[in-house]
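The values are calculated or read from the model by the stated rules, or taken from the named source; none is laboratory data. Source: prediction; values computed, not measured. With ideal geometry, Cβ positions are generated from the backbone for all residues, glycine too; neighbour counts draw on all protein chains shown. Accessible surface areas use protein heavy atoms only, side chains included; no ligands, DNA or RNA. Shrake-Rupley method; radii C 1.70, N 1.55, O 1.52, S 1.80 Å.
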Amino acid sequence: VGVDLGTAGAVVAYVSRGVVDIVQNEVSQRSTPALVGFSGKERLMGDAALAQVKSNLLSTCRNFKHAVALADGGLEVESEMWWSLAEFGIQENGCFFNVFFQGEQQKFSVV
């Protein structure tokens, strides 16, 4: 089994009988968007989060790999904030996204 966790998406593949087969997601796509969206009482991932990104921009999170690098001091926080859809910040125990979920503002760690 091989997993490619890219910045914009993820792909899973496996070898069976000498042939590499790429696993399809729930909407028959071979790549799943690296997005998490929070909508009311639901946490949406992948294609479900992508489908609602325009109507729920401020509660959709992306660029997780960049955020993990920020926790190690690898990138500048200000430049990442520009690319982030949801409010993004850094605190002593790592980076977080601030989203509206279950009727209130909540902070979710990137790790």
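Where does the charge balance sit around residue 5 when Lys and Arg score +1, Asp and Glu -1, over other residues with C-beta under 14 Å from its C-beta? With Lys, Arg at +1 and Asp, Glu at -1, the neighbours total +1. Using the Cβ-Cβ distance between residue 78 and residue 41 with R0 set to 30 Å, the FRET efficiency from 1/(1 + (r/R0)^6) comes to roughly 0.40.
When a/c reaches 1.5 or more, the comparison of a/b and b/c decides; with that in mind, is the chain rounded, prolate or oblate per its Cα gyration tensor? It comes out oblate by the Cα gyration axes.
Selection among 61, 11, 36 by position relative to the dipole of the chain gives 11 as farthest towards the positive end (Cβ unit charges, Cα centre). Amide H contacts for residue 101 (H built 1.01 Å from N in the peptide plane; partners 5 or more residues away or on another chain; cut-off under 5 Å): 106. Put a dot 7 Å past the Cα of residue 58, heading toward its Cβ, do the same for residue 108, and the two dots end up 1.7 nm apart.
Between region 84-108 and region 3-17, the C-alpha centres lie 28 angstrom from each other. Between residue 28 and residue 92, the contour length at 0.36 nm per residue exceeds the Cα-Cα span by 19.0 nm. Per residue, the accessible area of the chain comes to 66 Å², computed with a 1.4 Å probe over protein heavy atoms only. In the chain, helical runs assigned H by DSSP with n ≥ 4 each contribute -39500 (n - 2.57); averaged across all residues and rounded to the nearest 500, the mean residue ellipticity at 222 nm is -4500 deg cm²/dmol.
What FRET efficiency do you get for residue 3 and residue 51 if R0 is 25 Å and r is their Cβ-Cβ distance, rounded to the nearest 0.05? Once the sixth-power term is evaluated, E becomes 0.60.
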